[in-house]
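Novice: I'd like to ask some things about the structure below.
Nothing in this text is a laboratory measurement; each read-out follows from the coordinates by a stated rule. Treat the numbers as computed from the prediction; the structure is a model and nothing was measured. Cβ sites come from the backbone with ideal geometry, for glycine too, and all protein chains shown count toward neighbours.
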Amino acid sequence: MKKQDWQIDNILDISRILSIHYKSLTHRQREKIRIKLWIYQDGHCAICNIKIQVSKGCLDHSHTTGLIRGLLCSNCNTGLGSFKDNKLNLRAAIRYVTNSLRLDETIEHYYEYTNEL
């Protein structure tokens, strides 16, 4: 067993896992970290909280720092990747969805009102 494998096997503090650089890990080490994060996150995606299988979890990392952030479902991982971790684009998407929900509510109230007439 390699020294780094042994160190990963013996990490108990999750903050130490989150300070590991993703690209410095072998495939085997990434699998060990995926399992540890899956246990730590109680088998749920760190963003949407759906239950995920350990084998289907995506080991998320910052493309800026390279540091591991958590375990995500494939949909959340793809979504973050699509936004390229850009906070401005993510905020713009939140505003867009929020505004369209308000529009949906306005239209729904309009139809409820007109049906009452």
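Novice: Using the 10 angstrom Cβ neighbour count as an exposure proxy, how do ASP60, ASP42 rank, fewest first?
Specialist: Fewest-to-most Cβ neighbours within 10 Å comes out as ASP42, ASP60.
Novice: Which residues' amide hydrogens lie under 5 Å from the amide hydrogen of ILE52, considering only partners 5 or more residues apart or on another chain, with H built in the peptide plane?
Specialist: Those lying under 5 Å, H to H, from ILE52 are HIS44, CYS45.
Novice: Treat each spin label as a single point 7 Å out from the Cα along the C-beta direction, and report the ASN89 to ASN49 distance in nm.
Specialist: Going by the 7 Å Cα→Cβ label model, 2.7 nm.
Novice: How far, in nm, would the chain grow between ILE14 and LYS56 when pulled straight, counting 0.36 nm per residue and subtracting the alpha carbon separation?
Specialist: 13.1 nm
Novice: Can you list the residues, at least 5 places off or on another chain, whose amide H is less than 5 Å from the amide H of ARG69, using H built in the peptide plane?
Specialist: ASP60, HIS61, SER62
Novice: Let me ask you something else. Given R₀ = 22 Å, FRET efficiency for SER74-HIS21 by Cβ-Cβ distance, to 0.05?
Specialist: 0.45
Novice: Can I ask one more? Starting from the 7 Å offset along Cα-to-Cβ, what nm value, one decimal, do you get for the label separation of ILE35 and VAL97?
Specialist: Placing both labels 7 Å along Cα→Cβ, they lie 3.3 nm apart.
Novice: Got a sec? How would ARG16, ARG34 order by Cβ neighbour count within 10 Å, fewest to most?
Specialist: With the sparsest Cβ surroundings first, the list reads ARG16, ARG34.
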